[in-house]
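Colleague: Take this structure, written in structure tokens, and hold onto it; I'll ask about it next.
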Amino acid sequence: MIFGLLFAACQNAEDPSLKQLHKSSVSKDLTGRQLYMKHCVACHQADAMGVKGTFPPIKDSDYFLEDPKRAIHNILFGQAELIVVNGETYQSLMPPVKISDEEVVKVVNYLLEEVNQVEERISLKDVEWVRQNR
Ligand code: HEC
């Protein structure tokens, strides 16, 4: 809600330095967790356990942890194929999420580091690679 208001305020502002302020202090500084809460939580839920049979879990997801780089493709281009997550079959639709490459890195690393507590991380290079080799 606050972000929406700030965004509207910045859009109406004539002063370009205010727009710059909006860009740097509002959208770029979101943490991985904040990005998750903004762009993913509606489906995957706050605890990242999803909704069984409809939205797959990302916490303790064998599918996600087997190849976290695959999540980059999910986020950039969406996904609508049959997948099996922790023995449960999902065939629903994840629409592409419109966030920057840096934000993809942050949100996936949040899911690795904080949600799943594993060592693996993805990098900006990985996101660029996925974009180029779609
Ligand atoms: C509108 C609902 C929706 C939103 C929003 C959404 N997803 Fe998904 N996501 C899905 C669905 C549905 C699937 C399963 C798609 C399929 O059946 O092929 C999925 C699959 C996935 C998978 C692979 C399966 C797994 O659980 O391991 C990952 C990882 C994932 N999403 C991450 C994200 C992230 C990160 C975001 C936010 C940046 C996000 N999703 C936003 C609905 C959503």
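Colleague: List pairs: first residue in region 122-134 and in the same structural domain as HIS73 (by TED's automatic domain parsing) and more than 12 Å from LEU76 (Cα to Cα), second residue among the small types (Gly, Ala, Ser) and surrounded by 11 or more Cβ atoms within 10 Å (Cβ to Cβ) anywhere in the structure, Cβ distance under 9 angstrom, at least six positions apart or on different chains.
Modeller: Cβ pairs passing all conditions: ILE122/ALA71.
Colleague: Might you check whether a residue that is out of contact with any Pro (no Cβ under 8 Å at 6 or more places or on another chain) and at pLDDT 95 or above occurs anywhere in region 11-30?
Modeller: So far as region 11-30 goes, yes, one or more of its residues are out of contact with any Pro (no Cβ under 8 Å at 6 or more places or on another chain) and at pLDDT 95 or above.
Colleague: Okay, next question. Would you tally the residues in region 31-61 being more than 14 Å from ALA71 (Cβ to Cβ), within 9 Å of the ligand (Cβ to nearest atom) and under 13 Å from the mean Cα position of the chain (by Cα)?
Modeller: Matching residues across region 31-61 total 3.
Colleague: Among LEU111, LEU30, which is the only one that is closer than 24 Å to GLN132 by Cβ, surrounded by 14 or more Cβ atoms within 10 Å (Cβ to Cβ) and out of contact with any helix residue (DSSP H, G or I) (no Cβ under 6 Å at 6 or more places or on another chain)?
Modeller: The conditions single out LEU111.
Colleague: For region 75-118, name all the residues that are hydrophobic (A, V, I, L, M, F, W, C) and in a strand (DSSP E or B).
Modeller: Answer for region 75-118, where residues must be hydrophobic (A, V, I, L, M, F, W, C) and in a strand (DSSP E or B): ILE83, VAL84, VAL85, MET94.
Colleague: Would you confirm, using the coordinates I've provided, whether PRO96 is over 18 Å from MET37 (Cβ atoms), within 15 Å of the chain's Cα centre (by Cα), modelled with pLDDT of 95 or more and surrounded by 13 or more Cβ atoms within 10 Å (Cβ to Cβ)?
Modeller: no
Colleague: Next question. Restricting to region 70-89, name every residue that is among the small types (Gly, Ala, Ser) and more than 9 Å from the ligand (Cβ to nearest atom).
Modeller: Result: GLY87, single match.
Colleague: Of the residues that sit in region 90-110 and are near the ligand (Cβ under 9 Å from one of its atoms) and touching a Ser or Thr at 6+ places or on another chain (Cβ under 8 Å), which one is nearest to PRO57 (Cα to Cα)?
Modeller: Going through the qualifying residues, I end up with TYR90.
Colleague: Looking only at residues that are free of Cβ contacts under 8 Å to residues at least 40 places away in the same chain and more than 17 Å from ASN116 (Cα to Cα) in region 62-77, which one is nearest to the chain's Cα centre (by Cα)?
Modeller: The qualifying residue nearest to the chain's Cα centre (by Cα) is ILE75.
Colleague: Before we move on, is ARG121 in a loop (DSSP other than H, G, I, E, B), modelled with pLDDT under 95 and out of contact with any Ser or Thr (no Cβ under 8 Å at 6 or more places or on another chain)?
Modeller: no
The values are calculated or read from the model by the stated rules, or taken from the named source; none is laboratory data. What you see is a predicted model, and the numbers here were worked out from it, not measured in a lab. Positions of Cβ are generated from backbone atoms using ideal geometry, with glycine treated the same way; all protein chains shown enter the neighbour counts.
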